[in-house]
Every structure is written in structure tokens, then in C-alpha cells.
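I have placed the structure first, in the form of C-alpha cells, so that the comments after it can refer back to it.
The values are calculated or read from the model by the stated rules, or taken from the named source; none is laboratory data. All figures in this text were calculated on a predicted structure; none of them were measured in a lab. Note: ideal-geometry Cβ built from the backbone for every residue, glycine included; neighbour counts use all protein chains shown. Calculation scope for accessible area: heavy atoms of the full protein, side chains included, ligands and nucleic acids excluded. Shrake-Rupley method; radii C 1.70, N 1.55, O 1.52, S 1.80 Å.
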Amino acid sequence: MPLVDHLRELRNRLAKGMLAITVVSVVAAFYSQDLMNFLIDPVPRCTTGLGESTGGTCAVIAYTDLLSPFTTTVKVCFMAGAVLSSPVWLYQLWAFVAPGLHKHERKYTYWFVSAAVPLFLSGAWLAYTILPISMRVLLGITPQGSANILPMDKVLDFIVRMILIFGGAFELPLVLVMLNFAGIVTGRRMVSWWRGVVMGVFVFGAVATPTTDPFGMIALAGPIVVLYFIAVGVAMLNDRRRQRANPDAQLDDDEASDLDLTPEPVGEVERVSAGPSVPEQANGSVNGYDDVT
């Protein structure tokens, strides 16, 4: 297709994806209160009034300015629209890219997408599960005689950020498997990285989780380490399959392969019929040569 046709196709695909997000966002607006209650449910909310000091046991969620209720509702509805309509706009993106892929590339894409969605959802579910503990730890720092008044938009940003961090972190093993299938890294190389990977994952878990207790760090780093070793096992199996199909598959481009230099017998001399180009070959009596020599 010409460039203009590609751009027109991209415009149509983007328009369909944005239309799906808009429609689902409008529908989500009718359930915005339920959505916000679901998102802020991990926050231990106070049942007493603002005038009473609760210390670090609970918090009061409040809106800090006049436009905050409207902007927060719009943000939640748009986020719900983007998530719930993801099958539509992801299909539009796939329909735009798929014609340029080979058959085996499409097959691998189906596998990776089917694995990426459950991994991300598992990470998001884990983040939502440990959020109440994280909230209590963070609120527990508040001294007695003080009350926690949390802006609604800040609470939603914190919860969404935690869900995205956990969901994205669960995709790391899948990225390693993709690199292995692309031939960029081998399973043996991945095994040699295990000490650094384990250390890096726990450091990432300590930085990504805002709580000071080790529970949040272990809750994030533990499953990632397990998934990493599963990815190493998948990579080793893929390397073994590739080795059986092509013994030279693990060789580098500048590495010489093993050559069998054992000499083989030549066999019988083949009789070559000669044309009447020279007198000595006019009757075809010269055996084994195609010239006067």
C-alpha cells in the first residue's frame, strides 16, 4: 500500500478505538460511584467526624477544591473505558500491524498476548490484595492527636500506580522469553544472571512498594523471582528444541562451526563424450577428458 493509504488505515483504526473508549466511558459514568468505592475500598476509612483525632488508625477521604469531584469522576470513567474497551482497541492495533507479519510471527504473537494478559491481571490482583496492608502501614506513622485527610485524586493516583507497577513487573519474565525466542539471549545466559536478577528484583520491590515493612517487598519480588526461573526453564527447553533442529543454532555469527575434513574416495572416472573440435577427439576415443589434454 502507498504511504497515504497506510496513514488512512491508521486513522480509521485509531478512530474506531477512540470511539469504543468513549462509548464505554459514557456507560461507566452511570456507575462512577461504584467504581470509586471499589478503588478506594482498601483505604481504612474513619466513621467518626473530622473533629476527632484518630491518629494512624484510619483516614478521611476528601475533595480539596471545587472541581475535584468532577475531574476525579471523569478520570475514573476514562480509565474504566480504556480498560474495559481494551479488547476493541487492541484488536484495531493488531489488525493494523498483522498484515506486515509472517505466519510464524503471528503465531508467536498470539502466544505472548495470551500469556501477557493473565500475568498483568495477576499482578494487578496482587497489588489490590496487599493495598489494605500497605495503607495501614503508611497511616500508622501518623502520631496520635492528628487526623489523616486524604485527597481523593491522590488516593486514586496512588492505587492506580501500584496496580500498574505490579502488573508491569509481572511482564518481566515474558520479556525474557520473547528475547530468547528471538535468538537474542540464551537460557544458559539467563541462568548465569540469576544472582543479579534476584538482587535487582528485591531492590525494585523495596523501591516500588511505598511501605516500610518487608511484606510488600516480598509480595512483589517473590512471585517475580518464581516467574523468572519459570522463564529460564522455558528458554532452556526452547534452546534444546532449536539445537535438535539446527546443531549450529547456538553458534555466534563469527564462530567457526565444526567441519569434517576426512577425505572421501573419488570413485570411478566418468567417461566424457568429446565433440569433433580437435582431430584427436573426433572419434570420441579420449576417455575422461573434455579437451586435448
Heavy atoms of residue 34: accessible area, 1.4 Å probe, square angstrom to 10: 100 Å²
Segment residue 10-residue 34, length gained on full extension (0.36 nm per residue, minus Cα span): 5.1 nm
Hydrodynamic radius by Kirkwood, which averages 1/r over all alpha carbon pairs of the range 56-101, in angstrom: 13.8 Å
Spin-label proximity, residue 1 to the range 79-107 - amide N less than 14 Å from point 7 Å beyond Cα toward beta carbon: 92-101
Space enclosed by the convex hull of the alpha-carbon atoms of the range 1-93, per residue, Å³: 136 Å³
Partners for residue 16 among lysines (Cα-Cα distance below 29 Å; same-chain residues under 8 apart left out): 75, 103, 107
Restricting the range 1-105 to GluC sites (Glu not before Pro) in coil, as DSSP defines it, with at most 14 other Cβ within 10 Å: 52
The range 138-192: Rg to Rh, with Rh as the Kirkwood radius over Cα pairs: 1.35
Ratio of the Cα radius of gyration of the range 90-233 to 2.2 N^0.38 Å, where N counts its residues: 1.29
Rounded accessible area of residue 101 (nearest 10 Å², 1.4 Å probe): 50 Å²
Calculated Rg and Dmax of the range 92-131 using C-alpha coordinates, Å: 14.3, 43
Of 120, 130, 69, farthest towards positive along the dipole that unit charges on Lys, Arg, Asp, Glu beta carbons give the range 1-130: 120
